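Reviewing the structure listed below.
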Amino acid sequence: MTSVNEVVRQVQLRLSQAKIDSPAAEAAMIISHVVGVSRGKLGVMQALGEHLDSATVERIVDLVDQRAKRIPLQHLTGETTFYGVDLKIEPCVFRPRVETEVLVETTLEDFEVTTGELKILDLCTGSGAIAAALADQFGRRSVPTRIWAVELDPTAAELARHNTRDYNVTVLCADATNTAAVIGADPELATLLGTFDAVVSNPPYIPTATPVTQTEAEQDPSLALYGGSSDGLAVPLRVVDQAARWLAPHGFFMMEHDHTHAAELAAMMRQSSTWHKVHTIRDLTDTDRFVSALRAE
């Protein structure tokens, strides 16, 4: 038997030596996952001086060793939390980042005062994180909301269905940049073109000319990372075009993008008669990361 406090100390040390960011937080997540308790309960166990059996410690050590090899934490635990919603995560899907929570927060602020049912379209949904978070938050506000979430990869789409199963979310497996393909996946949408209150998206946007080098990021599927051109703008520009088709006049649009896209995307949208009130928004690291706009008349 080993005390919980000693296990926590050793895990934090191992992760720190492996140069893992936030070793204390990750240690708590790994141990809580293996023990099957919340992080709050783990703190109680520490305060009470409780102990763990050798088999449990071995499972913890195994996960810590894998994490030290830069295997993403979410792939080890099979779960993550995004804007307060617990999500199932698998290697087949892009792992939601905390920075993307700014997109959810800004969308919620735009609809702080609203009447009637909201219709929202989430393009390139991946794990379904954005759709689930918006559905959860609008549900807490008792705002009737229907969300359609579109994902190209069949395995990721199935995972998104799992993550949004408790909400009024329809997940479609289709090319989010192709109107006909989306309507083909749900013919009802043919009658809803030009009527959506919001379109949100975190599409693939990394320039193929500057591939990712971080070990963890390299383990995300390339389909979810790269924006289809050397500058990474091909997919984001198609998403902008799709948003214009789906939104009602004055409908809200917000999309995550590469930091190198900020000036060009905003300028192109401002020059178009399709959009007004175009803004560049920074993420939690103070990096230009999102564009928002309203659909013009």
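The values are calculated or read from the model by the stated rules, or taken from the named source; none is laboratory data. No experiment lies behind these values; they were computed from the predicted model shown. Note that we place each Cβ from the backbone using ideal geometry, even for glycine, and neighbour counts take in every protein chain shown. Heavy atoms of the whole protein, side chains included, go into the accessibility calculation; ligands, DNA and RNA do not. Shrake-Rupley method; radii C 1.70, N 1.55, O 1.52, S 1.80 Å.
What FRET efficiency do you get for H250 and T285 if R0 is 51 Å and r is their Cβ-Cβ distance, rounded to the nearest 0.05?
Working: r = 31 Å, r/R0 = 0.60.
The computed FRET efficiency comes out at 0.95.
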- Task: Obtain the nm distance between the two label points defined at E117 and A68 by a simple spin-label model: each point lies 7 Å from its Cα along the Cα-to-C-beta direction.
- Result: 5.5 nm
- Nitroxide proxy distance, nm - points 7 Å out along Cα→Cβ at E90 and S229: 3.3 nm
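Rounded if a/c is under 1.5, else prolate if a/b is larger than b/c, else oblate: which is segment 1-124, with a ≥ b ≥ c the root eigenvalues of its Cα gyration tensor?
Values: a/c = 2.77, a/b = 2.04, b/c = 1.36.
Prolate, because a/c is 1.5 or more and a/b exceeds b/c.
Rounded if a/c is under 1.5, else prolate if a/b beats b/c, else oblate: with a ≥ b ≥ c from the C-alpha gyration tensor eigenvalues square-rooted, which is segment 162-297? Provide the component values of the computation, followed by the final result.
On the way: a/c = 1.77, a/b = 1.19, b/c = 1.48.
Since a/c reaches 1.5 but b/c is at least a/b, the shape of segment 162-297 is classed as oblate.
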- Task: Report which label in [x] 68, 44, 33; [y] 54, 47, 37; [z] 63, 58, 43 holds the value of Cα extents along the principal axes in Å derived from the coordinates of this structure.
- Result: [x]
- Message: Need one number: % antiparallel among DSSP beta bridges in the chain, to the nearest 5.
- Response: 45 percent
- Among 137-144, 254-261, the order from most to least packed when residues are scored by Cβ within 10 Å on average: 254-261, 137-144
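Among R95, R146, R238, what's the order by accessible area (1.4 angstrom probe), most exposed first?
On the way: R95 15, R146 65, R238 110 Å².
Sorted descending by solvent-accessible area, the residues read R238, R146, R95.
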- Note on the structure: Computed over segment 75-220, the relative contact order (Cα-Cα under 8 Å, seq sep at least six) in percent reads 24 percent
- Accessible area in square angstrom per residue, segment 1-49, 1.4 angstrom probe: 54 Å²
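Could you work out the relative contact order of segment 199-297? I mean the mean sequence separation of Cα pairs under 8 Å and 6+ apart, divided by the number of residues, in percent. Don't skip to the answer; put the middle values down first.
On the way: 175 pairs, mean separation 27.3, N = 99.
It rounds to 28 percent for segment 199-297.
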- Item | FRET efficiency for D53 and T81, using Cβ-Cβ distance with R0 set to 22 Å, rounded to 0.05 | 0.20
- Query: Straight-line reach from K277: which lysines have a Cα under 24 Å away, not including same-chain ones fewer than 8 places off?
  - Reply: K119
- Item | segment 60-70 - phi-based ³J(HN,Hα) in whole Hz, Karplus 6.51/-1.76/1.60, Gly and Pro as x | 5, 4, 4, 5, 5, 4, 5, 5, 5, 8, 6
- Please give, to one decimal in nm, the separation of the simple spin-label points placed at D241 and T191, each 7 Å out from Cα toward the Cβ. 2.8 nm
- Message: Relative contact order of the chain, please, whole-number percent, based on alpha carbon pairs below 8 angstrom and at least 6 residues apart.
- Response: 14 percent
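Let me know the shape class of segment 58-209, please: from the alpha-carbon gyration tensor, a ≥ b ≥ c as square roots of the eigenvalues, rounded when a/c is under 1.5, otherwise prolate if a/b is greater than b/c, or oblate. It would help to have the intermediate numbers written out before the result.
Details: a/c = 2.13, a/b = 1.57, b/c = 1.36.
Cα axes put segment 58-209 in the prolate bin.
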